[in-house]
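The structure appears right after this line, and notes come after that.
Computed from the coordinates by the stated procedures, all read-outs in this text should not be read as laboratory data. All values reported here derive from a predicted model rather than from experimental measurement. Here Cβ is always computed from backbone atoms with ideal geometry, including for glycine, and neighbour counts include all displayed protein chains.
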Amino acid sequence: MSTGVRRRLGVEERRQQLIGVALDLFSRRSPDEVSIDEIATAAGISRPLVYHYFPGKLSLYEAALKRASEDLANRFAEPQEGPLGARLLRVMRRFFDFVDEHGPGFAALMRGGPAVGSSATNALIDAVRQAAYEQMLSHLGIVEAPPRLELVVRSWISLAESTALIWLNGRRVPRAELEIQLVHDFAALAAVSAAYDEDMAALLKKMVKDEPTDGPLADLLGRLIALGS
């Protein structure tokens, strides 16, 4: 028979609970719209107790952002097996899964939320972008990117961010179309750069060499050919 006595959480357990509660609320509404009182109520504790673990909403927001940023960075990780196009498409699906799950929080993060100007927040955002960049180089089999490739990869990461933000504003374009379009966008950026650089041309040939006829990159080529017919 249950006594109804609730187990008292340890310090770290309570901190992790509050981070989880805050992240859930920030995922459904802009962090600016979420109060400490709401976080306390959702966690089943008093407002003063929230302040016992976090000095203010900014510090709690940064802790929640750290957890979310680690999750987002991990979504760019993908076993380096099989055609590149299929790998990138799986990455984009996981990326949009995150965007879908954390819509308002993702938008606030990229457009500026309650932690604007915070060096800790900016560092977390930069860390996610750097993790995505390094994962892309890994998929391409590159250890140190030459200048043109770095430009292509970092431009593509920025494009993925802006595409996700626009999609969140009404979801007017089917998500699945945007996922494959971003894979095509990467190939297109690489192709334009290849027109100006021999090393990029060699890399592009390597990218498409083992692509199956029903893969995303072959699909792009077919669409381009159809435009000229």
- Note on the structure: Projecting the Cα atoms of Ala131, Gly20, Ile39 onto the charge dipole of the chain, where Lys and Arg contribute +1 and Asp and Glu -1 at Cβ, the residue farthest towards the positive end is Ile39
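Can you tell me what the convex hull of the Cα atoms of segment 139-190 projects to on average, as an area in nm²? It would help to have the intermediate numbers written out before the result.
Working: hull surface 15.2 nm².
If you wrap the Cα atoms of segment 139-190 in a convex hull and average its projections, you get 3.8 nm².
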- How many angstrom lie between the C-alpha centres of segment 204-219 and segment 52-108? 27
- Query: About the Cα centre of segment 123-229, what is the dipole size in debye to 20, counting +1 per Lys and Arg Cβ and -1 per Asp and Glu Cβ, all else neutral?
  - Reply: 320
- Message: I'm a student and want to see the number: the projected area of the Cα convex hull of segment 43-154, averaged over all directions, in nm².
- Response: 8.9
- Quick one: which of 208-221, 94-107 comes out on top by average Cβ neighbours within 10 Å, and what's the full order, highest first? 94-107, 208-221
- Query: How far is helix 119-140 tilted, in degrees, relative to the longest principal axis of the Cα atoms in the chain, given as a value from 0 to 90 rounded to the nearest 10?
  - Reply: 30
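What is the magnitude of the charge dipole of the chain about its Cα centre, with +1 placed on the Cβ of each Lys and Arg, -1 on the Cβ of each Asp and Glu, and no other charges, expressed in debye to the nearest 20? Before the final figure, lay out each step's value.
Details: 27 positive and 30 negative charges, 165 e Å.
Charge dipole of the chain: 800 debye, to the nearest 20.
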- With a 10 Å radius around each residue's Cβ, average the other Cβ atoms per peptide and rank 180-187, 152-159, highest first. 180-187, 152-159
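Quick one: in segment 159-229, what % of C-alpha pairs are over 14 Å apart? All intermediate terms of the calculation are to be shown ahead of the outcome.
Numbers: 1654 of 2485 pairs.
I get 67 percent for the Cα pairs in segment 159-229 exceeding 14 Å.
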- Item | Highest average packing first - 51-57, 30-36, Cβ atoms within 10 Å | 30-36, 51-57
- A student applying the Cα gyration tensor rule (rounded when a/c is under 1.5; otherwise prolate if a/b is larger than b/c, oblate if not) would label segment 92-229 oblate
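Rounded to the nearest angstrom and ordered from largest down, what semi-axes does the equivalent ellipsoid of segment 1-89 get from its C-alpha gyration tensor (root of 5λ)? Before the final figure, lay out the partial values.
Working: eigenvalues 223, 64, 26 Å².
Listed largest to smallest, the semi-axes of segment 1-89 are 33, 18, 11 Å.
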